[in-house]
Amino acid sequence: MTGVAWYVAGRLLQSAVLLAFVVTIGFFVIRAAPGDPVLYLYGAQNISAETLAALRQVWGLDRPLAEQYWVYVTNLASGNLGYSQINREVVSAMLARKVPNTLLLMAPSILLAAAGGVVLGTTACRRLNTRADYVIGAVSMVGYSTPPFWLAILLIVLFASTLGWLPTQGMATLGASSRGLAHALDVTRHMVLPVTVLTWWYLAAFTRLTRASMLEESRKPYLMTARMKGLSESRVFYGHALRNASRPVLTVLGLYLGTMLAGAVMTEVVFAWPGMGLLTFSAIVQRDYPVVLAVFIVSGAAVVVTNLVIDLLYAVLDPRIRYA
Amino acid sequence: MVSRRAFIATTAAGVAGAAAQGTRASRLAHAQEAKRGGTLRLLQIEPAIGFNPALEGTNWPETMRMVYNGLTDFNETGDLVPGLARSWTASEDADTFTFKLAPGVQFHDGQACTADDVRFTYEMIADPKIASPLNVYVANLKSIDTPDKSTVTLRFNGPNVLMMPGVSAMGILPRHLWAGADPRKSQYLAQPVGTGPFKLKDWQRGDHLTFVANRDYFRKGRPYLDQVIFKVVSDAATGIQSFRNGELDAVLSQGVPGGLPYALVRQIVDAKPPNIATNEFVQAFSQILWMNCAAPPFDNPKVRRAIAHSINKELIVKALLQGFGRVQDSIVGNFPSMRWAHDPAIKSDYNPARANQLLDEAGYPKKAGGRFKITILATEGFRVKLSEALRAMFTAVGIESSIQSSTWAPYIQRIRQDRETAGMIWTIFIPRQVDPSLILDYLSPKNAKPGGSNYSQWTNARAGELIEAARATGNQGKRKGMYQEIQKIVADEVPVVPLYSALGVDMWQRYVEGIHSIDSLTGTLSMIDTVSLNRS
């Protein structure tokens, strides 16, 4: 095996241990929260204490916690994420449905924001302390401090209710039986508002980060060297400074991409977007234990894997870093 | 044996024959005019379910009603009418019920629906291993006989006053698909096969459910609609906005997540938009204030009476509910299904002076820092507002209180299971009120133990006896006397304070016809098979 392969294998092993911790801590934390799914569902109904107890028995909730943990872990080891008694469905099927929806919402938002943020941040740095810099700074400050759910409601009122250009909620027009391109266009129309809200929020983060990072690089002596070599200003700026400044940006991009599987809870709620955020939220409220744990595992694994990929990319960006 | 009509007249809220004739005529007229076809799009709460009424109880009845039928149905006035059973009889002492099934009823897969399916369904509900939340309706089931393919006889050990109120909710399952397997893991939970007016075509959980018309429905010529879509929206304001935009055809109270946003709905109702019809109706559930009667200070009836006198229910309805509620005076409310048992002599008395006097007498004099301190439990959202109003009313009579808010799961765990509620007050709805016995279960001593529904842990021996006795007779005259006595005891002892019954507000675009806002065990969509779209 090559050095990189060893490095990756070691990191994966580390990740497995990390995920085992996530599962164990997640299991006991969610079980320590008061309330159980049987009471959640039937607590206000006129049913006897005996019926409630019998339901807990049917659902296996009356077993000692350690035993339930062992059952869960052995199932997990054989690739079984469990069964949601509340939703009466296999958990992996629930996730398989939600993950693509969330990716469809989050990936374009984060990538658009990253691209836009790098452009704006670089511009701000190149035109340091000019009007353009101030405008970009002010806009990203506002963007970063705008609560996404509030912006979402404003956009719905303006573009959906008042102007009627875009739908208020959902992922596709109800009852529409469109296929292929027409369906893709329909979904795109539904994506416009939620993607705008999320991009707006992430954009501010990327802009501010890029500007700060570029500013730091632009003060370093190697740029002087580059200029003395006679390189053009744009070559100095984009070829050298930006390349080095992009490492922290890449780190943050990795973090966002890693956590994006957890979804954007408030945005999904307001736009009724059927994604992971909504699923996580309702699973926690309903004490739907296997679903909560599955979300932990899937988003945990996503963070671990993206971080690994980002670490490998560092080596591409920075020749001083070698994994061997 | 008594005839069906006589049975309805004696045990359920009866209708005069003339009224029944009138509604039948109007329904006929509607049937002649009703346009066929089209898709109805409704706002809905995510139904976190599998399609099996025996497992889910009365949660999400609207969703169940689309694909299943019970032996009986409700009409637009909330009375029982034939469902899968075309007729039925009940014995004088309400311990034997015989149903004759309508001929030619088919499940969605083409198999005939017979007495065997009915027996199978009722056996599942009564099976202790299933632990069905509906088992309260058939608690003392003795035997089920099926002398032929279209006759079912249920026998009970003693009277069962809940059989007829509950029967509509017990959707009949196809035995050939459910027998012999664990119903909690059945594939038919997600791909239901019933006899109902619609078949489930597509279920995108967390997003929408699509139902298509069952063209072999046993009520010939119905349903009128081609499709019904339940659109799941988790945010009430977004859902209602979507309806105003014309992306949804109707918003029914039962489908609004987190309950009606009263201010927004008041705005629409008052604005009377020309394209939108709104209908207010009394819902069969009431908001009840509970307190822990097993520990100080609420173990003292004088303190509990003082609490009742300190609450201005009218103000709560007016200010918090924007008028969408009715003050409730007695624990047995004034709903159509229970009017016969309701005691109109019991009246709320908002009287802070009397409350102060009672608290003085109870040995809690007025002093700086309050007579005593209590905690008001709440869940996020409306209950916090309600609790703030209560807190102000308690302060006015010298009781200090703080509000502790959580989500529903820990809230109900503390109140129902852990009973860690000494010195605390909270509110919980009593839902789906179809018979007084179901309400009084919430005050029965036998339910005072942890996990039981007597959240207040009030144990009054006389009330306990009466609650059991009133359930053990089919004679409505006798039951009425007992319920009136119980209501007086409850009004005097105040283990709970009934606050208000909620008003539902259903809204639909004017081209939707045939929606009847009735709150029943089968939900607002009891009559979905008569709904049509008339876009001119």
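The values are calculated or read from the model by the stated rules, or taken from the named source; none is laboratory data. What you are looking at is a predicted structure, and each value in this text was computed from that prediction instead of being measured. Every residue, glycine as well, gets a Cβ built from its backbone with ideal geometry; the counts of neighbours run over all protein chains shown.
One residue stands out in segment A:279-306 among those that are part of a helix (DSSP H, G or I) and in contact with a Gly (Cβ under 6 Å, 6 or more places away or on another chain): the one that is nearest to A:GLY60 (Cα to Cα), namely A:PRO290. Within the bounds of segment B:209-222, is there any residue that is within 13 Å of chain A (Cβ to nearest Cβ), part of a loop (DSSP other than H, G, I, E, B) and more than 21 Å from A:PRO274 (Cα to Cα)? Looking for residues that are within 13 Å of chain A (Cβ to nearest Cβ), part of a loop (DSSP other than H, G, I, E, B) and more than 21 Å from A:PRO274 (Cα to Cα), one finds none in segment B:209-222, hence no. Tallying residues that are farther than 18 Å from B:GLY259 by Cβ, in contact with a helix residue (DSSP H, G or I) (Cβ under 8 Å, 6 or more places away or on another chain) and part of a helix (DSSP H, G or I) within segment B:319-337 yields 1. Looking only at segment A:71-111, count every residue that is exposed (fewer than 15 other Cβ atoms within 10 Å of the Cβ), farther than 28 Å from A:ALA172 by Cα and hydrophobic (A, V, I, L, M, F, W, C) and tell me the total. Summing the residues that are exposed (fewer than 15 other Cβ atoms within 10 Å of the Cβ), farther than 28 Å from A:ALA172 by Cα and hydrophobic (A, V, I, L, M, F, W, C) in segment A:71-111 gives 3.
For segment A:238-277, a residue qualifies if it is closer than 16 Å to B:THR407 by Cβ and within 8 Å of another protein chain (Cβ to nearest Cβ), and exactly one does: A:VAL269. Only helices (runs of 4 or more DSSP H) whose full extent lies in segment A:37-143 are considered here, and the ones with at least 1 residues that are within 29 Å of the chain's Cα centre (by Cα) and within 14 Å of chain B (Cβ to nearest Cβ) are A:37-42, A:91-126. Taking first residues from segment B:474-495 that are more than 17 Å from B:CYS293 (Cα to Cα) and partners that are crowded, with 17+ Cβ neighbours inside 10 Å and acidic (Asp, Glu), the Cβ contacts under 6 Å between residues at least 6 apart in sequence or on separate chains come to B:GLN484/B:ASP343; B:GLN487/B:ASP343. Listed conditions (1) assigned to a helix (DSSP H, G or I); (2) in contact (Cβ under 8 Å) with a residue 60 or more places away in the chain; (3) among the polar types (S, T, N, Q) are all met by B:SER456, apart from (1).
The set of residues from segment B:505-522 being more than 29 Å from B:ILE430 (Cα to Cα) and assigned to a loop (DSSP other than H, G, I, E, B) comprises B:ARG510, B:TYR511. Residue by residue through segment A:278-321, note down the ones that are among the hydroxyl-bearing types (Ser, Thr, Tyr) and either within 14 Å of another protein chain (Cβ to nearest Cβ) or farther than 28 Å from B:TRP203 by Cβ (or both). If the condition is that a residue be among the hydroxyl-bearing types (Ser, Thr, Tyr) and either within 14 Å of another protein chain (Cβ to nearest Cβ) or farther than 28 Å from B:TRP203 by Cβ (or both), then A:THR280, A:SER282, A:TYR289, A:THR306, A:TYR314 are the ones that fit. Residue count for segment B:433-464 under the criterion of being surrounded by fewer than 20 Cβ atoms within 10 Å (Cβ to Cβ) and under 16 Å from B:ASP418 (Cα atoms): the result is 2.
When B:MET424 is tested against (1) more than 27 Å from A:ARG31 (Cβ to Cβ); (2) touching a Ser or Thr at 6+ places or on another chain (Cβ under 6 Å), just one condition goes unmet, and that condition is (1).
Considered as a group, the residues in segment B:231-273 that are among the basic types (Lys, Arg) and part of a helix (DSSP H, G or I) include one that is farthest from B:ALA502 (Cα to Cα), and that residue is B:ARG244. When B:SER286 is tested against (1) under 19 Å from B:SER501 (Cα atoms); (2) small (Gly, Ala, Ser); (3) at pLDDT 95 or above, only condition (3) is not met. So which residues in segment A:112-121 are touching a helix residue (DSSP H, G or I) at 6+ places or on another chain (Cβ under 7 Å) and surrounded by fewer than 19 Cβ atoms within 10 Å (Cβ to Cβ)? Matches in segment A:112-121: A:LEU112, A:GLY116. Within segment A:150-174, the only residue that satisfies the criterion of being assigned to a helix (DSSP H, G or I), of a type outside the set (A, V, I, L, M) and facing chain B (nearest Cβ under 9 Å) is A:SER161. Within segment B:272-281, the presence of at least one residue that is surrounded by fewer than 19 Cβ atoms within 10 Å (Cβ to Cβ) and at pLDDT below 90 is confirmed.
Restricting to helices (runs of 4 or more DSSP H) lying wholly in segment B:104-192: which have 3 or more residues that are away from chain A (no Cβ under 14 Å) and not acidic (Asp, Glu)? Result: B:115-126, B:175-178. Take the residues in segment B:433-454 that are of a type outside the set (A, V, I, L, M, F, W, C) and touching a strand residue (DSSP E or B) at 6+ places or on another chain (Cβ under 7 Å), then tell me which one is farthest from the other protein chains (Cβ to nearest Cβ). Only one residue tops the list, namely B:GLN433.
Considering B:ILE399, B:ILE415, B:ILE430, the condition of being of a type in the set (A, V, I, L, M, F, W, C), out of contact with any helix residue (DSSP H, G or I) (no Cβ under 6 Å at 6 or more places or on another chain), at the interface with another protein chain (Cβ under 10 Å from one of its Cβ atoms) and surrounded by 18 or more Cβ atoms within 10 Å (Cβ to Cβ) is satisfied by B:ILE415 alone.
Residue by residue, here is whether (1) touching a helix residue (DSSP H, G or I) at 6+ places or on another chain (Cβ under 7 Å); (2) farther than 15 Å from B:SER310 by Cα; (3) free of Cβ contacts under 8 Å to residues at least 24 places away in the same chain holds:
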| site | (1), (2), (3) |
| --- | --- |
| B:ARG339 | no, yes, no |
| B:ASN351 | yes, no, no |
| B:ARG354 | yes, no, no |
| B:ASP360 | no, no, yes |
| B:LEU377 | yes, yes, no |
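Does B:SER406 satisfy being within 17 Å of A:LEU39 (Cα to Cα) and either in contact with a Ser or Thr (Cβ under 8 Å, 6 or more places away or on another chain) or away from every other protein chain (no Cβ under 12 Å) (or both)? Here the answer is yes, as B:SER406 does meet what is asked.
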